[in-house]
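J.: Shown below is the structure under consideration.
The values are calculated or read from the model by the stated rules, or taken from the named source; none is laboratory data. Note that this is a predicted model, so its numbers are computed, not measured. As a convention, Cβ positions derive from the backbone with ideal geometry for all residues, glycine included, and neighbour counts pool all protein chains shown. Quick note on the areas: whole protein, heavy atoms, side chains included, nothing else; ligands and nucleic acids left out. Shrake-Rupley method; radii C 1.70, N 1.55, O 1.52, S 1.80 Å.
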Amino acid sequence: MKKTGIIFGKFYPIHMGHVDFIQKASGFVDELYVVVCSDDTRDKKLFEESKMRKMPTIKDRLNFVKGIFKYQNNIKLIHLAEDGIPFYPNGWKLWSERVFEVLLQNDIKVNVIFSNELQDVENYKNNFLTLPNFEKVFNKNLTIQTIDINRDNFPISATEVRNSPYHNWDFMPKPVQEFFTIKVAIIGTPHSGKTTLVHKLSNCYNTNFVEDYKKKYLKKNNLKNLEEKDFNSIAEKYQKKILNSVKSSNKLVFIDTEFCSLQANLMEFKSKENEIINNFIKNEDFELIFYLESEKKTDKIKEFDKNLKEILKKNNKKIVILKLNNNNFTEIYNCCLRYINKMIE
Ligand code: NAD
């Protein structure tokens, strides 16, 4: 007979302790259902009490689980909406009824519940096995199996992750790290040392950077000048490079120039803004933009700076202006560190 297991959790967000628990549980059964529970009011409150920079929605939380276990077909995913039920532990009866309905709808029959909450073991049995027609969903010999109640393998809780995501970085599975990676763009006056600053910062934070793809594009295609169609290709490729780089970054990713700068480059020879690039600008989610500004500027560079600042303003992008003077490179570097450390501490 097929053996089916189930694990309930908020997985808000899923961490390595959960992953290890799910992996171990999956070895005891033919199929394992991971039930991701949500309650809009509770989840919003937990977010507000947390130090997370953005709120993982229930869709994000389901996607994290899906992504982590995508190569294991016997691990299946279910969403359980708990809205309207009194919060744990005050709603066991109503909660059990809701679980029953969802499992019945999905035609799931459970032999074993895995939980690392010792205090819940008896509650699961008492509430599930007293439901009318419980045997439609729960085997009458239902067992509750604990695996690592002391969290010996990964001593972490989701509360700790929410309260200090960047200190608990190594407890986050890759899709969760990807979600919390902070994108920092370095833009500004041409020839102001943006690329060097990007290299310095990515070295200091031991993470990835995304190069200014415009330069590479010119070289790769053996071009002296760019036409408008080139800008569209550059923007698309640039976006892909950013997404790719976030996948393996260490808390931060540094981006050499961004889409507003690309638009300002284009405006050097086109009077009208490019709508494709405008779309990229609208969708970009850089959390920190440093604007390096040189003292000495030619008229052409002044024009570029003016255009770029107008585009940034129009798109409500907040920038930190770093003024370059008397080779104050280390001062600028230290200033960036102060801003960044504040974000990740
Ligand atoms: P959770 O995401 O915190 O944990 C999920 C599971 O992982 C738990 O079994 C937990 O013990 C285990 N775990 C956590 N950290 C671990 C680690 N480091 N190592 C190993 N295992 C670890 O979710 P939760 O809060 O336990 O989820 C229970 C869900 O069931 C909630 O959504 C809750 O609302 C719901 N529930 C509600 C009621 C009610 O009365 N309303 C009753 C029962 C259950």
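J.: With a 1.4 Å probe and all protein chains kept in place, how do 335, 204 rank by accessible area, largest first?
T.: Sorted by accessible area, descending: 204, 335.
J.: If amide H atoms are built 1.01 Å from N in the plane of the peptide, which residues on other chains or at least 5 residues away come under 5 Å of the amide H of residue 9?
T.: Residues meeting the criterion, in which the H sits 1.01 Å from N, are 35, 37.
J.: Arrange the residues 92, 169 by how much accessible surface each exposes, largest first, with a 1.4 angstrom probe.
T.: Largest to smallest exposure gives the sequence 92, 169.
J.: Checking the table 2/54; 54/300; 237/323; 51/109 against a 32 Å threshold on Cα-Cα, which pairs fail?
T.: Pairs exceeding 32 Å: 2/54; 54/300; 51/109.
J.: Tell me, what is the 1.4 Å probe accessible area of residue 319, in Å² to the nearest 10?
T.: 60 Å²
J.: Compute, for residue 34, the solvent-accessible surface of its heavy atoms (probe 1.4 Å) with the complete set of protein chains present, and express it in square angstrom to the nearest 10.
T.: Roughly 0 Å² of residue 34 is accessible to a 1.4 Å probe.
J.: Provide the percentage of antiparallel DSSP beta bridges, counting only those with both residues in the chain; round to the nearest 5.
T.: 5 percent
J.: Give me, ordered by chain and number, the residues 5 or more places off residue 144 or on other chains with an amide H under 5 Å from its own placed amide H.
T.: 113
J.: Starting from the amide H of residue 322, placed 1.01 Å from N in the peptide plane, find each other amide H under 5 Å away whose residue is 5 or more places distant or on another chain.
T.: For residue 322, whose amide H was placed from the backbone, the distant partners under 5 Å are 291, 292, 293.
J.: For segment 108-246, what D do you get in µm² per second when you plug the Kirkwood radius from alpha-carbon pairs into Stokes-Einstein at 20 °C and 1.002 mPa s?
T.: Answer, rounded: 104 µm²/s.
J.: If you fit an axis through the alpha-carbon atoms of helix 92-105 and take the longest principal axis of the Cα set of the chain, what angle between them do you get, 0 to 90°, nearest 10?
T.: So the helix axis and the longest Cα principal axis differ by about 80 degrees.
J.: Further question on the same structure: Mind ranking 180-187, 281-288 by how tightly packed they are, going by the mean number of other C-beta atoms within 10 angstrom, highest first?
T.: 180-187, 281-288
J.: Probe 1.4 Å, all protein chains in place: accessible area of residue 79 in Å², nearest 10?
T.: Rounded to the nearest 10, that gives 70 Å².
J.: Moving on. Using helices alone, what [θ] at 222 nm do you get for the chain, with -39,500 (n - 2.57) per DSSP H run of 4 or more residues, divided over all residues and rounded to the nearest 500?
T.: Taking each H run of at least 4 residues, the total per residue is -13500 deg cm²/dmol.
J.: Report the full-extension gain for the segment residue 344 to residue 160: residue separation times 0.36 nm, less the Cα-Cα distance, to one decimal in nm.
T.: Stretched out fully, the residue 344 to residue 160 stretch lengthens by 64.8 nm.
J.: If you take every residue apart from residue 142 with its C-beta less than 13 Å away from the C-beta of residue 142, what net charge results, scoring Lys and Arg +1 and Asp and Glu -1?
T.: +3
J.: Output the relative contact order of segment 50-199, whole-number percent, from Cα pairs under 8 angstrom with separation of 6+ residues.
T.: Normalised by residue count, the contact order of segment 50-199 is 26 percent.
J.: For a quick check, take a GNM of the chain with Cα springs below 10 Å and name the residue from 213, 238, 88 with the largest mean-square fluctuation.
T.: Checking each option, the largest mean-square fluctuation is seen for 88.
J.: A further question follows. Mind pulling the angle between the C-alpha long axis of helix 194-204 and the longest principal axis of the chain? Nearest 10 degrees, somewhere in 0 to 90.
T.: For helix 194-204, the angle is close to 40 degrees.
J.: Based on alpha-carbon centroids, what's the gap between segment 232-307 and segment 127-156 in Å, whole number please?
T.: Cα centroid to Cα centroid, the span is 52 Å.
J.: Now, a different point. On a C-alpha basis, how far is the centre of segment 330-345 from the centre of segment 43-73 in Å? Whole number, if you could?
T.: When both Cα centres are located, 28 Å separates them.
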